[in-house]
Each structure stands twice: as structure tokens, then as C-alpha cells.
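See structure below.
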Amino acid sequence: MDSCFRIRVCSGFTLIELMITVSILGILLGIGLPSFVTFINNNKITAEANSLIYSFHMARSEAIKRGTDVQVSLAFINDRSWPSGWKVIADTNVNHGYTGSTHFDDILMQRDPHDNLKRFRYVRYVHFNARGALARLSNKPFVVTLKPADCDNIASRIISIAPSGRVNIEHGDCS
């Protein structure tokens, strides 16, 4: 007789128990994996928006600290994508050139973007004066919209900067 029946203790799984376990695991992965991918992509755009907000805060505080104009320059190709990221540049020679290529302008920070951001509204630079306010003649807020590549499942991020220099962020649609 088999030793399993004599001792009344069996070890291991039967084939049916293993098939049931694998099918339950497959169902759980099928339900959870798409929402996990959306969760990861949502966190990527949130991290990108937070990094850009950090750059705006840094530029504003450096403008106040240095007593000179500081600019966040956004680099693009074809006016639609953001492959080169952005730079925070202090205009130490007060020529408002912001090239960053000479030793007269200080590049305070340079940032590369994440891959999931493909489109945003037209913005070339954000310029803060020595008081920490936006160096623009308009009283309207300055708005940057970050749109993810998968804009159907993930909301865009709308970053607005008031004329006083205060930064605000909110979720938006992808229209």
C-alpha cells in the first residue's frame, strides 16, 4: 500500500489544486495589471509636474536672493514635444539674453523630461524678476499644460503661475 494512506499525512499539491491556483492567479493579474499600468503612468506625469513646479519655485527664490532676473527656459522641437527638458538660468550680466552658453549667465539647474510627456501648450520661458513676480505686462496667470502620451486614461496637469509668482497645479482634461 502507498505510504500516504498508511501515515495519513500527504505532502505536495494535486494537479487540480495547482490548476485552480494558477487560474485564480491569472484572473487576479488580468484585473489588476491594467490599473497598475495606469497608476504608474499617472505617477510619472505627477512627478514631472512636481519637478517643473520645483524649478519654478527655485527660479523665483533665486531671483529674489540674487536680486536679478531668472528664467525657466523650456526647450522644444517642432513646437509640440519636449525632448530637451528645461533649464533654470540666472541673468547675471543683465542683458536678458539667457543663452546659458557664456560664463555671464548661470545655469542653475538643467532637467531632462520623462518619456511619457509628448505634448503641451505653447510656452517658451517663464521669467521672474528680482521681486519674485512674473516679468510680464499682463495681469493674467501664466499657464503650462502637461499632457501625457496616454491622455485617454490619465488627466493632464495644468500649472498656472499668478502674476505675483505663486504657482498652482490642478488636473485637467485632454481636450
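Every number here is computed from the coordinates shown, using simple stated rules; none is lab data. Everything numeric in this text was worked out from a predicted model, so none of it was measured. Don't worry about glycine lacking a Cβ; one is built from the backbone with ideal geometry, like all the others, and counts go over all protein chains shown.
Tabulated results
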read-out: Fewest-first sequence of 142, 128 by Cβ atoms within 10 Å of each Cβ; value: 142, 128
read-out: Full-extension gain in nm, residue 151 to residue 23, via 0.36 nm per residue minus C-alpha separation; value: 42.8 nm
read-out: Neighbour-count order for 87, 44, fewest beta carbons within 10 angstrom listed first; value: 44, 87
read-out: Burial order of peptide ranges 53-60, 24-31 (average beta-carbon count within 10 Å, highest first); value: 53-60, 24-31
